[in-house]
Protein chains: 4
Amino acid sequence: MKQHPPSAILLFSCPDTKGIVAEVSHFIFTYGGNILQSHQHNDPETNTFFMRVEWDISDFALPREKIPQAFEPIAIKYRMDWRIEFSDKRTRMAIFVSKQDHCLYDVLLRHKEGEIDADIVMILSNHETTRPIAEYFGVPFYYFPVNRETKEEMEEKEIALLKEHGVDLVVLARYMQILSPRFVGEFRNRIINIHHSFLPAFAGAKPYHQAYERGVKIIGATSHYVTEDLDEGPIIEQDVVRVSHRDTVRDLMQKGKDVEKLVLSRALKLHIDHRILVFRNRTVIFD
Amino acid sequence: MKQHPPSAILLFSCPDTKGIVAEVSHFIFTYGGNILQSHQHNDPETNTFFMRVEWDISDFALPREKIPQAFEPIAIKYRMDWRIEFSDKRTRMAIFVSKQDHCLYDVLLRHKEGEIDADIVMILSNHETTRPIAEYFGVPFYYFPVNRETKEEMEEKEIALLKEHGVDLVVLARYMQILSPRFVGEFRNRIINIHHSFLPAFAGAKPYHQAYERGVKIIGATSHYVTEDLDEGPIIEQDVVRVSHRDTVRDLMQKGKDVEKLVLSRALKLHIDHRILVFRNRTVIFD
Amino acid sequence: MKQHPPSAILLFSCPDTKGIVAEVSHFIFTYGGNILQSHQHNDPETNTFFMRVEWDISDFALPREKIPQAFEPIAIKYRMDWRIEFSDKRTRMAIFVSKQDHCLYDVLLRHKEGEIDADIVMILSNHETTRPIAEYFGVPFYYFPVNRETKEEMEEKEIALLKEHGVDLVVLARYMQILSPRFVGEFRNRIINIHHSFLPAFAGAKPYHQAYERGVKIIGATSHYVTEDLDEGPIIEQDVVRVSHRDTVRDLMQKGKDVEKLVLSRALKLHIDHRILVFRNRTVIFD
Amino acid sequence: MKQHPPSAILLFSCPDTKGIVAEVSHFIFTYGGNILQSHQHNDPETNTFFMRVEWDISDFALPREKIPQAFEPIAIKYRMDWRIEFSDKRTRMAIFVSKQDHCLYDVLLRHKEGEIDADIVMILSNHETTRPIAEYFGVPFYYFPVNRETKEEMEEKEIALLKEHGVDLVVLARYMQILSPRFVGEFRNRIINIHHSFLPAFAGAKPYHQAYERGVKIIGATSHYVTEDLDEGPIIEQDVVRVSHRDTVRDLMQKGKDVEKLVLSRALKLHIDHRILVFRNRTVIFD
């Protein structure tokens, strides 16, 4: 679907000082790169500088595999926490799902329409429920019957499978299992969950029931990177919808689904376009 | 500002059964009342029936002071928790404020434009800061220098003053003192607070600082009736606004102000128009 | 999916006068009906009264086929424009679609999850594109290759087909053909279209291109009943989404799709639940 | 209120080519400037490059009055449409108002709280109504009784007055007079109007009446630069609020006021912070 020429995307954070943009843009110019988009942001509280710059590499004088090495001296000089991505290297996603299929359908349909511009490598579930959906969309389906006894073993198999297929993004599209620290550690900042409340309100189980009990007038959803602390990872995106006293728990679930789908898909697009930096359990979003 | 003829407003909840609407509307019809607006709502979970009905009393055959007595047999028959209000009996509000004046200004300006259709009887503060604002709008100002030692004594004086002036709604327009259970008990479901977060997230002190630390992508405000449990009372209205990683705590405070003002003013209008029933720490809103 | 007992729903508008609610609710009570939900609304400008009342008919003393006849004298007395619907008589929908399939998928998935509680009788298209979708969801698909020459003939066949299958709601889920007055007349207030702009802005063709040209900061979608005047029918629901100067026409289309889906589905649910009255080219929504 | 060190802000658009960012950031670095914030944007359709860069000038080796001259060769080389602003040179605003005062109050209160960080030099009105407000806030008030006969003469006097006081931003805060092309030409891209509809819907007079007639489910407001074509200038900001069939024209006006205030204040802040470029009757917003 991409009509654009291939581009390189540099993301970094570093202590703020003079000359960073000049040196980075001079580096790009030296090799004949044309900057397509660039954002800088300075956090005065921590004196940290954040930057995302994307440049056309179709005539770049350096072959792409040599770019990191050539850039490294600048990164070292400014003590950057950095990475370089390429727009034509497609993200390889695995979707984890349990029985609820609305987020799964949503991701698959947005993928089909070219809106989610990544490869969906597999669907992985602890139930057989969504297998026919996987078949309809032509995505390989893997069934891992996780329970308390098998969890550790199953996770090892999952990790092996994901690595074998070069998966670099795990999407928890209403996956009702908690991942172990071991699993999370393997995919640091590469697991995106959708939680069905506006966190930090209603963390944990049954957020719609909690919301109903409390009598809130808005409900929401939160997409975040998964960390070892449940529902505590860096928030990528949130949104809400109005509800009223007339709504039953079932109504909240139904209204919430629309927000879950929107919030998850926006987070996926931001991740896939390499627009997110994680800094101190918060996200910097370059949109 | 009211161009409408005077009307009576009946609000009640009761166990659901047949014939309630028929009997209530027949009562109104018997005395020649014309129904202007009416809402019913049935909560299947608790089998409770809620109703608000408003009728023109300009030709009503019963004088208004006799309406409650005439209606009482129906209320008893259906075991109603009920009240009758009259549209031309204006709510008498007292506004409690500390130093922050944006909500105070907002309420006063909406009052001036006829949007908040009530009497603002007094402004009451634990600081002298807002006295000039009270003077500009011609509202009596009372200064109560509350501190730990004086609190009990001050509250007694406040209660006496409010009763003396027939105040029936206390508005905490960013009032930075916690009211005692004694005070709350005197104005059950008649104290409206604006809290500067989307509760239950960020209850307690410094919610904008908490929101900044957590890195949320939306912030909000909540208006609720005050109960003995801090920030736990029945929620009347909530709303949110988007924020980003670029926003400092000061930015959050600034963006939050707009939501606080909107949410507080909507709650006041609902209360003043007698559109709120409290049921099991939740609100039923007849809008 | 409906767990509720069967109910009758009476909707009407009439000149406002005293006693309407009393007489209607007395009628329901007489035969032992229990009112589940009821809304009244009075439009002072035109002196018109609107009412929707829904009652449980599981123990109703009148068989449902006799209800209209029994109610008629009241309707005549108050000069009502009225209808009675039954919750367990499911709406029979036909979905018209061209090539764009996002609204089609959305309706089918919401139907599958029980959110759209109606029968989807058929999908009808002027292209073959969406046939596989119809097959996946098990809905009969009809292909009508409409062009300028065949239009009149095709429409006659379509009308015949719809009547044969008892279709009582036509959904234009991004159907790129204009229906003739003859067709519209056959399904008065029974054709719902989704237009991809916040009407009346950007009526007619290519609204996203128009929006891009004008440089608006929000785009939207509108669902409305189809009348003989293109994009001029009674509006049922609208919503918007923020856009920026960075968005290309393609971005607007993509962001707009989410709004289109939400707005169309909300309109369908309101129609199916018999919550809409049309009055002077505007809708009264009883939610 | 500004706690920040003084900064320079460069804004430009130019044909896209390689090396622009490198050269601009090198220019800043050469003289020891530290970049605080920077945004670039590339419009592929017109092959245009847009940039806003802000740098700390507290240790800048060039005195500020020499910066434009030193930068000019780069601007010429890349054929830039450019300007340089300084954060500590405060915008000098004049507020034009008729009788409606809600936007006026809103701007004055946001100014008082430091949110609108500019000098409000004067309030100018074709009515005496708002004079007491001007006095309360300590802002000079000028009364210009405009009518058909006096309009040309009055406008000349207004222009002279504005120039005499160094006004560089004219805010039409619900000013019910149409400015002549002569006036508009004097303040190109320096007059901000608030229109009480989501343009292009309901341009011209009485938008709330038009919205009521059409039966829309959302109403909105639009802030835009004033051009010779009424309500056709570049849109800066828009927002909406939901309404229903229950809302009278008066209700729409009341609900609309809140949107008008928000939309106008956001536009003013964007302008004052030099975050807006006008390009082909659209705005590029660097936020």
Matching residues, segment C:218-227, being over 18 Å from C:PHE279 (Cβ atoms) and either surrounded by fewer than 24 Cβ atoms within 10 Å (Cβ to Cβ) or of a type in the set (A, V, I, L, M) (or both) = C:ILE218, C:ILE219, C:ALA221
Which listed residue, of A:ASP81, A:ASP117, is acidic (Asp, Glu) and in the same structural domain as A:HIS271 (by TED's automatic domain parsing) | A:ASP117
In segment A:267-287, the residues that are surrounded by fewer than 22 Cβ atoms within 10 Å (Cβ to Cβ), within 13 Å of chain B (Cβ to nearest Cβ), touching a residue at least 40 places away in the same chain (Cβ under 8 Å) and in contact with a helix residue (DSSP H, G or I) (Cβ under 9 Å, 6 or more places away or on another chain) = A:ARG275, A:ASN281, A:ARG282, A:ILE285
Pick from segment A:233-257, criterion more than 8 Å from chain B (Cβ to nearest Cβ) and free of Cβ contacts under 8 Å to residues at least 40 places away in the same chain, ranking: surrounded by the most Cβ atoms within 10 Å (Cβ to Cβ) = A:VAL243
Sole miss for D:PRO200 among (1) outside any helix (DSSP H, G or I); (2) more than 11 Å from chain C (Cβ to nearest Cβ) is condition (2)
Output the number of residues of segment B:188-214 satisfying the condition of being more than 16 Å from B:ARG282 (Cβ to Cβ) and of a type in the set (Val, Ile, Thr).
-> 2
Could you say which residue among B:ASP247, B:ASP239, B:ASP231 is farther than 23 Å from D:GLY114 by Cα, assigned to a loop (DSSP other than H, G, I, E, B) and not hydrophobic (A, V, I, L, M, F, W, C)?
-> B:ASP231
Flag if A:ALA134 is of a type in the set (A, V, I, L, M) and surrounded by 18 or more Cβ atoms within 10 Å (Cβ to Cβ) = yes
Name every residue in segment B:152-167 that is surrounded by fewer than 17 Cβ atoms within 10 Å (Cβ to Cβ) and of a type outside the set (A, V, I, L, M, F, W, C), in order of residue number.
-> B:GLU152, B:GLU153, B:GLU156, B:LYS157, B:LYS163, B:GLU164, B:HIS165, B:GLY166
C:HIS26 being under 23 Å from the mean Cα position of the chain (by Cα), farther than 30 Å from C:PHE144 by Cα and modelled with pLDDT under 95 = no
Which condition breaks for B:GLN37 when tested against (1) among the polar types (S, T, N, Q); (2) assigned by TED's automatic domain parsing to the domain that holds B:LYS163; (3) in contact with a strand residue (DSSP E or B) (Cβ under 6 Å, 6 or more places away or on another chain)?
-> (2)
Residue ID - nearest to the other protein chains (Cβ to nearest Cβ), chosen from residues in segment C:205-218 that are in contact with a helix residue (DSSP H, G or I) (Cβ under 8 Å, 6 or more places away or on another chain) and not aliphatic (A, V, I, L, M) = C:TYR212
Residue that is crowded, with 21+ Cβ neighbours inside 10 Å and either in the same structural domain as B:LEU277 (by TED's automatic domain parsing) or touching a Leu at 6+ places or on another chain (Cβ under 8 Å) (or both), where the choices are B:LEU172, B:LEU109 | B:LEU172
Only listed residue being assigned by TED's automatic domain parsing to the domain that holds B:HIS127 and at positive phi, chosen from B:ASN189, B:ASN193 = B:ASN189
Does D:LEU264 qualify as being out of contact with any Ser or Thr (no Cβ under 6 Å at 6 or more places or on another chain) and either more than 14 Å from chain C (Cβ to nearest Cβ) or part of a helix (DSSP H, G or I) (or both)?
-> no
Is it true that some residue in segment C:136-151 is among the hydrophobic types (A, V, I, L, M, F, W, C) and within 14 Å of another protein chain (Cβ to nearest Cβ)?
-> yes
Only listed residue being part of a strand (DSSP E or B), more than 14 Å from chain A (Cβ to nearest Cβ) and over 18 Å from C:ARG92 (Cα atoms), chosen from C:ILE178, C:ILE194 = C:ILE194
Using the structure shown, decide if D:LEU230 is surrounded by 18 or more Cβ atoms within 10 Å (Cβ to Cβ) and in the same structural domain as D:PHE183 (by TED's automatic domain parsing).
-> no
B:ASP117 vs. criteria more than 27 Å from B:GLY256 (Cβ to Cβ) and in contact (Cβ under 8 Å) with a residue 12 or more places away in the chain | no
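In segment B:215-228, what count of residues is obtained for those that are in a strand (DSSP E or B) and not β-branched (Val, Ile, Thr)? Spell out the reasoning first.
Going residue by residue through segment B:215-228, those that are in a strand (DSSP E or B) are B:218-225.
From the residues that got through so far, the ones that are not β-branched (Val, Ile, Thr) too are B:220-221, B:223-225.
Qualifying residue count for the region: 5.
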Is segment D:87-105 home to any residue that is more than 9 Å from every other protein chain (Cβ to nearest Cβ), under 19 Å from the mean Cα position of the chain (by Cα) and assigned to a helix (DSSP H, G or I)?
-> yes
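The values are calculated or read from the model by the stated rules, or taken from the named source; none is laboratory data. It should be emphasised that the depicted structure is a prediction, and the values quoted were computed from it without experimental measurement. Don't worry about glycine lacking a Cβ; one is built from the backbone with ideal geometry, like all the others, and counts go over all protein chains shown.
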